[in-house]
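Structure first, commentary second.
Nothing in this text is a laboratory measurement; each read-out follows from the coordinates by a stated rule. Note that the coordinates shown come from a computational prediction; the quantities given were computed from them, not determined experimentally. Neighbour counts are summed over all protein chains in view; Cβ atoms, including those assigned to glycine, are modelled from backbone coordinates with ideal geometry.
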Amino acid sequence: MTSMTRCDREAEVVRAARTGEWSDDLRSHVRGCADCADAALVAAFFAAEDLRPAGPLPDPGLIWWKAQLQVRRDAVARATRPITFVEKGALVLGGAAALAALGWVWPVLSGVPRLFASLWTQEQTLSAAAAAVPLTFSSIFVIAALGLLPAAVALTVLANFRACR
């Protein structure tokens, strides 16, 4: 362990460690002085390593500003993580609900091509064709909702995209 006081010859030892020019007297002093031995070790390390910057250092104010900006960005990302999770869950549940609704109205939707085919060929009367597709209020509501679902999803995605910019 080194002492709290500095040795008077420490500056000479550091200079010798940097240049590599050691006198016999200085070498023997370093063997007996722990402070100078430590100083020589550190000075030799710094002399061996080229620790100078390759170019000019950036402005410290710029580094501080970028660090603060990154802290704010991390805080925003951390705060919006639950919101993003809920949005993704809502999209998954909305898709599942749309598939369930599609399965519910599939019998009605499967009769629509027959309705158009019968209207096109004029083989049946309009009343007979309408009877082939029993449209109730709930099935009309589900068909309208399925038609509006892609528009609602597109508007939500667009609103989130604009909010992120």
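Amide H contacts under 5 Å for Cys33: none, restricted to partners 5 or more places along the chain or on a different chain, H placed in the peptide plane at 1.01 Å from N. Residue order for Ile143, Ile83, fewest other beta carbons within 10 angstrom first, comes to Ile83, Ile143.
Quickly rank 58-66, 21-29 as a protection proxy: mean count of other C-beta atoms within 10 Å, highest first. Present the calculation step by step, with values, prior to reporting the outcome.
Values: 58-66: 9.7, 21-29: 11.7.
My ranking of the peptides, most packed first, is 21-29, 58-66.
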